[in-house]
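None of the figures in this text is laboratory data; all of them are computed from the coordinates on show. Since this is a predicted model, take the numbers as computed values, not measurements. Ideal geometry is used to build each Cβ from the backbone, glycine not excepted, and the neighbour counts take in all protein chains shown.
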Amino acid sequence: MFHAKSAWLNTLKPNFKVLPLKDRILCGVGALLGLGLSSFISWLALGDLNAWYIAPMGASSVLLFAVPASPLAQPWNMVVGNTLAALIGVTCAMFIPNLTEAFSIAVALAIVLMMTTDSLHPPSGAVAITAVLGGEAVHDLGYAFLFYPVLLNSVLLMVVAIIYNRLLGKQYPQKAQVNTRTTDPTPTQKVSIQPADIQQVLEQQSQLLDISEYDLQKIILEAQQLASRRGTSQFSCRDIMSQQVIYLRAEDDIQSALDKFKQVNLMSLPVVSDLDRLVGNLALYDVVEWFKRAADPKASWENHVYQIMNPKVVTVQPDQPIEDLVPYFVERSFNYIPVVEQKRLVGMISRADMIAALSQQLNALQQYNH
């Protein structure tokens, strides 16, 4: 009996991922900071105005900090949706005496107009109601309600959301497409499911989906990579890595690093500490940018590699399957990936190493099929 009730209750739940406790707390902290900072700045700007902050911003904060990847949470939706809803709400409050009719019509028109302008933002429905039922303080503002507090609150909360999500490593606003270098499909997409295929399926949908085309592309690409890993894997990173690695020392002089670039004819080199621990990566363009700053007295202190290197490096472990490396070489155009063990640089895998290994696997698979 209990199991039957539990199964019935589960049908009422959304098919939604429950984030780990740490991430849930960070979402709550983001909303706390966003609402606190934006309301404080609004209060400073508007002084003793009674309507210095509006309740729908609380609903907007749920989207901006809990589900920033949602199309409904993007800056265009936040700012344009709220502003349009305020415009319609104020107009209905002015010309429709009956409050029930006024806020009902305001919300209905706001939905239609937001969907028409691709700015659908659910909390904006509450903005329209606030414009009608906000009382004398809101009604006295008239159309100024659009600019303050609605537009002011929206922009401030959005700015805090952008900064906070970026600090957490989340992409907000969302990118328009997976391939950041060109509008063409990624190499993997060219031989599998392309963005045009996704667009065609979405156009046939009769209802809005709360997921962006960008996220759909990422999910499909990652699912394809997982599926490919289920195939027979013959090599690990240890099998194909080069153990004699050309590298720079963190304390090396930048000029000597440039000389090494000339000798080896490479575009970037790993940087290690005295204990051979990988601490960064130095690209040739980093050196070029250093030369551009050489005339600036503020940059005169930059003399060593560690001062201009990039400390964030993508690495792999020796026992990882080489299939894990494919997205970096194919989608992100890496030239090499360092192999580390207990933070020490133990090898390097180049694009040529990957091509040779994958070619060997393909030949083996063809022979097996025949």
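Set the Förster distance to 45 Å, then compute FRET efficiency between Leu46 and Thr180 from the Cβ-Cβ distance, nearest 0.05.
That gives a FRET efficiency of 0.70.
Explain nothing, just the number: relative contact order of the chain, from Cα pairs under 8 Å at least 6 residues apart, as a whole percent.
13 percent
Based on the alpha-carbon gyration tensor of the range 21-167 and its eigenvalue square roots a ≥ b ≥ c, which shape applies: rounded if a/c is under 1.5, prolate if not and a/b is larger than b/c, or oblate?
Oblate shape, in that a/c is at least 1.5 and b/c is the bigger or equal ratio.
Compute a Gaussian network model of the chain, connecting alpha carbons closer than 10 Å, and tell me which residue from Ala110, Ala352, Ala73 fluctuates the most.
Top of the fluctuation ranking is Ala352.
May I ask which residue of Ala294, Gln263, Gln320 lies farthest towards the positive end of the charge dipole of the range 251-337, with charges of +1 (Lys, Arg) and -1 (Asp, Glu) on Cβ and the Cα centre as origin?
Ala294
Assigning unit charges at the beta carbon (Lys, Arg +1; Asp, Glu -1) and nothing else, what dipole magnitude in debye, to the nearest 20, does the range 187-229 show about its Cα centre?
That gives the range 187-229 a dipole magnitude of about 260 debye.
In a GNM of the chain with a 10 Å cut-off on Cα contacts, which of Lys170, Lys292, Lys17 has the highest mean-square fluctuation?
The residue with the greatest mean-square fluctuation here is Lys17.
With point charges of +1 on the Cβ of Lys and Arg and -1 on the Cβ of Asp and Glu, referenced to the Cα centre of the chain, which listed residue (Cys237, Ile163, Leu278) lies farthest in the positive direction of the dipole?
Final value for the positive-end residue is Cys237.
Only one of the listed values, (i) 45; (ii) 60; (iii) 52, was derived from the coordinates as percent of Cα pairs over 30 Å apart; which label is it?
It is the value labelled (ii).
Calculate how steeply helix 123-133 sits against the longest principal axis of the alpha-carbon atoms of the chain, using the helix alpha-carbon long axis, and give the answer as 0 to 90 degrees to the nearest 10.
Its long axis makes an angle of about 20 degrees.
Among Phe95, Phe145, which comes first, then next, by fewest other beta-carbon atoms within 10 Å?
With the sparsest Cβ surroundings first, the list reads Phe95, Phe145.
Residue farthest toward the positive end of the dipole of the range 21-167, with Cβ of Lys/Arg at +1 and Asp/Glu at -1: which of Ser124, Gly36, Leu49?
Selected residue: Gly36.
Among Lys175, Lys262, Lys13, which one shows the biggest mean-square fluctuation in a GNM of the chain, springs joining Cα atoms closer than 10 Å?
Largest GNM mean-square fluctuation: Lys13.
In debye, nearest 20, what is the charge dipole magnitude of the chain about its Cα centre with +1 on Lys and Arg Cβ and -1 on Asp and Glu Cβ, if you could check? Mind dumping the intermediate values first?
On the way: 26 positive and 30 negative charges, 129 e Å.
The dipole magnitude comes to about 620 debye.
Given a Förster distance of 51 Å, report the FRET efficiency between Gln200 and Val314 from their Cβ-Cβ distance, rounded to the nearest 0.05.
Details: r = 34 Å, r/R0 = 0.66.
Rounded to the nearest 0.05, the efficiency is 0.90.
Mark the label point 7 Å from the Cα of Ala352 along Cα→Cβ and return the residues of the range 264-285 whose backbone N is within less than 15 Å of it.
Residues passing the 15 Å test: 264-268.
Against the longest principal axis of the chain, how steep is helix 21-46, in degrees 0 to 90 to the nearest 10, with axes from Cα atoms?
Computed tilt is about 50 degrees.
Between Leu168 and Asn303, what is the FRET efficiency for a Förster distance of 22 Å, r being their Cβ-Cβ separation, to the nearest 0.05?
Computed FRET efficiency for Leu168 and Asn303: 0.05.
Which percent, nearest 5, of DSSP beta bridges in the chain are antiparallel?
So the antiparallel bridges amount to about 85 percent of the total.
Could you check the simple spin-label distance between Ile96 and Gln207, using points 7 Å along Cα→Cβ, in nm with one decimal?
2.6 nm
Treating only the Cβ of Lys, Arg, Asp and Glu as charged (+1, +1, -1, -1), what charge dipole size does the range 237-369 show about its Cα centre? Round to the nearest 20 debye.
Details: 13 positive and 17 negative charges, 37 e Å.
That gives a dipole near 180 debye.
Sequence gap at least 6, Cα distance under 8 Å: using those rules, report the relative contact order of the range 153-245 to the nearest whole percent. Walk me through the numbers on the way to the answer.
Working: 28 pairs, mean separation 20.6, N = 93.
Computed value for the range 153-245: 22 percent relative contact order.
Once both axes come from the Cα atoms, what is the angle between helix 351-369 and the longest principal axis of the chain, in degrees from 0 to 90, rounded to 10?
Approximately 90 degrees, to the nearest ten.
Based only on other Cβ atoms within 10 Å, what is the fewest-to-most ordering of Thr180, Thr83?
Thr180, Thr83
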